[in-house]
Amino acid sequence: MNRDLRPLFEPRSLAIVGVSADPGKWGYWFARDAARGAHRRTVHLIGRSGGELHGLPVLPSLAELPEPPELVVLSVPAAGLEEAVDASLAAGAKAIVAVAAGVGEERERAIAERVRTAGAVLLGPNCLGVFDAAAELDLASNPLPSGPVGFVSQSGNIALETGLLLADVGLGFSRLASIGNQADLDVTDVLRDLAAHAGTKAIGVYCEDFRDGRAFAEAARTAGKPVVLLTVGRTEASTRAARSHTGALTSSLDAVDAACRAAGIHRVETPRRLVETLQALLAAERPRGRRVAVIGDGGGYGAVASDLLGARGLELPVLSHGLQETLRGSLPAAAATSNPVDLAGAGEQDAFSFSRSTRTLLESGEVDAVLFTAYFGGYSSLSDELRGRELAVAADLSAAVHESSRPLVVHTMYWDAPPALALRVTGIAVYRAIEAAVDAVASLVGDARPARPVAETPPAAEPVSGTGYVEARAALAAAGVRFGAAHNVATHEEALAAAERVGYPVVLKALGAVHKSDAGGVVVGLDDEFELLREIDHLRAPSYSVERMENTAAGFELLVGARRDPRFGAVVVVGAGGVNAELFRDTASALAPVDVEGAEALVRRLACAPLLEGTRGRAPLDVHAAAAAIAALSRFAAAHPELAELEVNPLLVRAHGAVGLDARFVRG
């Protein structure tokens, strides 16, 4: 459900509660900034001392107001927050911003419930404030730059630094909401608003706690504009920091990354990378494929860029003979034209060689994007004449990009020179660091919002009756995961009879241990009755599983599992299995459930995927059967919220079919 946030971002009337004449207090800053927007809306200042501040009268209480304020900003300590919220609602407020920290979860829940019951919205508490460029609403302590980026952040400092970084490249905020502890409005509420906001062209997010992670992902998928996410959770220390900061329940990064893939969200790890990615994605043009040409006026950066692009899986095709001949027609004899293209100093003699050669590449049809790395902008510092030429080149480059409908990313050490600024004004991203330019190209190539909705969590099924090996295996078999022949036994006689039924050689498993092979509870390759009885006497377990011995050398072992994330629900994980699972750490994950097609895509993302597809003369294995088992496990995991983890390890993928060799459940 979309919340009405117009009173928050575009209030017709505004009240600041807790104003102060002390220039070091929040109440002073809010009153100052509210007064600056008094030509756009009615502004009321509320403070016990009365008098006048910033040219506006100060009233003693909200009850004294002549009209209901649509937005009330509360600059009051935590102890007085509930009383201030109640007074705001009684005065008719439709939106409330609460800055106070240290309120406590129970009090926050009670406050939020009163706000929702009144049909209003609450931002915070423990937040920086709110900003809307078009509405001239700047209530966030520090001046913020205006521009096309909508931003929602749980951290006030990260919001402020992001604003400074955006300003460095001529960008700024269309809207900003500092959501703090998300007692009422959460990250998804604001994301939906930014998606519908005409002035917002791209969305940045800093979030520690996603609340309903799948709703967040689906809102991002359907936003119709790029979404770039900065989050935490890689280390235990970052999780502790988030918890102490906003009381956030963080999600592990594999769950977040699964959601990002499902929704087409770009995840980054620093505020600078957030801004660099947003700068790239604000471009109107998108590549139609992965082919990239590099062009520059020196071999060094061309070589570095080529290596970095290749490491990101992008293609640098050798240009056709005809295209190379066209390029050579206006370049020095020493120029390299295969890709990367090195102008060999042509720019010093003829600045327009930059734009002519770049246009030729953009219009060639042989590449999907161009990375331009050159001493561009540096000539501008030498003379007015050279500055004029570079500005004309910038205009030509911009025209070539927009006429060819193919993107250009520029790297130059003179990233803030007038020609670079001229490119940015026309929507061409310019970077100071070559790795940032390469990342920008990769972001453009990877910018796609999936057509299918983010997987919904199905209704919960009847909880499993037990979580032991036998129960786990039976439940998953009933769900569609195939297992080999096995019998649960307790005595020597039962074990011998079971072995006769499944046929020697057999596997003997002592039941009860989670990692049975590590604990010495699994014995494989028992060839006869003598060996079977000997191992039973050695293990001395309450019960055993006697199973057919599978020929693992004729297939490949996968790990197939799922775990439950507190915000994103069940996440299915596939990786190299058996004894290699913890050795290689080769895994791929997705939000559960997945269908067979999605499961097959997971398998093919693994580094070990070529081993299933047939290498060095080996026959290809039945990836489709493996995918069917993965899909079945994912459906079961999604429908059983009582399970924190479940796993089939290994799932033996054979030339025909796939069979589970072990299973485990962990109750949440």
If we sort 104-117, 77-90 on the protection proxy, mean other Cβ atoms within 10 Å, highest first, what's the order?
77-90, 104-117
Can you compute the helix-only [θ] at 222 nm over the chain? Use -39500 (n - 2.57) per DSSP H run of at least 4 residues, normalise by all residues, nearest 500 deg cm²/dmol.
-11000 deg cm²/dmol
Given points 7 Å out from each Cα along the Cα-Cβ axis, report the residue 383 to residue 667 separation in nanometres with one decimal.
8.4
For the chain, averaging the sequence separation of alpha carbon pairs under 8 Å that lie six or more residues apart and dividing by its residue count, the contact order in percent is 9
Fraction of beta bridges assigned by DSSP in the chain that are antiparallel (%, nearest 5):
50
Provide, for the chain, the number of lysine pairs with alpha carbons under 29 Å apart, each pair being eight or more places apart or on different chains.
4
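Report the full-extension gain for the segment residue 605 to residue 196: residue separation times 0.36 nm, less the Cα-Cα distance, to one decimal in nm.
Here the segment from residue 605 to residue 196 would lengthen by 143.8 nm.
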Keeping every protein chain in place, order 549, 1 by accessible area at 1.4 Å, biggest value first, i.e. largest first.
1, 549
With a 1.4 angstrom probe the carbon and sulfur portion of accessible area for the chain, in percent, totals 52
What ³J(HN,Hα) values, in whole Hz, does the Karplus curve 6.51 cos²θ - 1.76 cosθ + 1.60 give for the stretch 211-216 when θ = phi - 60°, with x put for Gly and Pro?
6, 9, x, 6, 5, 4
Starting from the residue with the highest accessible area, list 350, 193 in decreasing order, probe 1.4 Å.
350, 193
Helix 105-117 sits off the longest principal axis of the Cα atoms of the chain, rounded to the nearest 10 on a 0 to 90 degree scale, by 70
Once each part is reduced to its C-alpha centroid, what is the distance from the stretch 52-69 to the stretch 653-668 in angstrom?
68
Nearest-0.05 FRET efficiency for residue 211 and residue 533 at R0 = 51 Å, using Cβ-Cβ distance, is 0.35
Accessible surface of residue 665 - all protein chains present, 1.4 Å probe, nearest 10 Å²
10
Leaving ligands, DNA and RNA out of it, work out the accessible area of residue 527 with a 1.4 Å probe and give it in Å² to the nearest 10.
90
According to a simple spin-label model (label point 7 Å from Cα along Cα-to-Cβ), what is the distance in nm between residue 493 and residue 86?
7.7
Accessible surface, per residue, of the chain when the full set of protein chains is kept, probe 1.4 Å, Å²:
41
Long-range amide H partners of residue 485 with built H, under 5 Å
548
According to the square roots a ≥ b ≥ c of the eigenvalues of the Cα gyration tensor, what is the shape class of the stretch 124-231, taking rounded for a/c under 1.5, prolate for a/b larger than b/c otherwise, and oblate for the remainder?
oblate
Area of residue 342 that stays accessible when all protein chains are in place (1.4 Å probe, Å², to 10)
40
The stretch 151-212, relative contact order in percent, only Cα pairs under 8 angstrom and at least six apart counted:
45
With r defined as the distance between the Cβ atoms of residue 272 and residue 482 and R0 fixed at 60 Å, what FRET efficiency is calculated, to the nearest 0.05?
0.75
Applying the gyration tensor rule to the Cα atoms of the stretch 315-450 (axes a ≥ b ≥ c; rounded if a/c under 1.5, else prolate if a/b exceeds b/c, else oblate), the class is oblate
For the stretch 490-506, in order, what is each residue's ³J(HN,Hα) by Karplus, 6.51 cos²θ - 1.76 cosθ + 1.60 with θ = phi - 60°, in whole Hz (x at glycine and Pro)?
10, 10, 4, 4, 5, 5, 5, 5, 5, 5, 5, 5, 7, x, 6, x, 10
Mean Cβ neighbour count within 10 Å, used as a protection proxy, ranking 466-477, 212-223 highest first:
212-223, 466-477
Quick one: ranking 49, 355, 405 by accessible area, 1.4 Å probe, largest first, what do you get?
49, 405, 355
Between the helical axis of 156-168 and the dominant principal axis of the chain, each derived from Cα atoms, what acute angle in degrees is found, rounded to the nearest 10?
60
Quick shape check on the chain: root eigenvalues a ≥ b ≥ c of the Cα gyration tensor, a/c under 1.5 is rounded, otherwise prolate if a/b tops b/c, else oblate, and it reads oblate
Separation between the residue 597 and residue 460 pseudo-spin-labels, each 7 Å from Cα along Cα→Cβ, expressed in nm?
3.2
Between 0 and 90°, nearest 10: helix 384-404 axis offset from the chain longest Cα axis
50
Computed over the stretch 30-147, the relative contact order (Cα-Cα under 8 Å, seq sep at least six) in percent reads 22
At 0.36 nm per residue, and after removing the present C-alpha to C-alpha distance, how many nm does the segment from residue 288 to residue 328 gain when stretched out fully?
11.8 nm
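The values are calculated or read from the model by the stated rules, or taken from the named source; none is laboratory data. Every value quoted in this text rests on a predicted model; they were computed, and no experiment measured them. Positions of Cβ are generated from backbone atoms using ideal geometry, with glycine treated the same way; all protein chains shown enter the neighbour counts. What goes into the accessible areas is simple: the full protein's heavy atoms, side chains included, and nothing from ligands, DNA or RNA. Shrake-Rupley method; radii C 1.70, N 1.55, O 1.52, S 1.80 Å.
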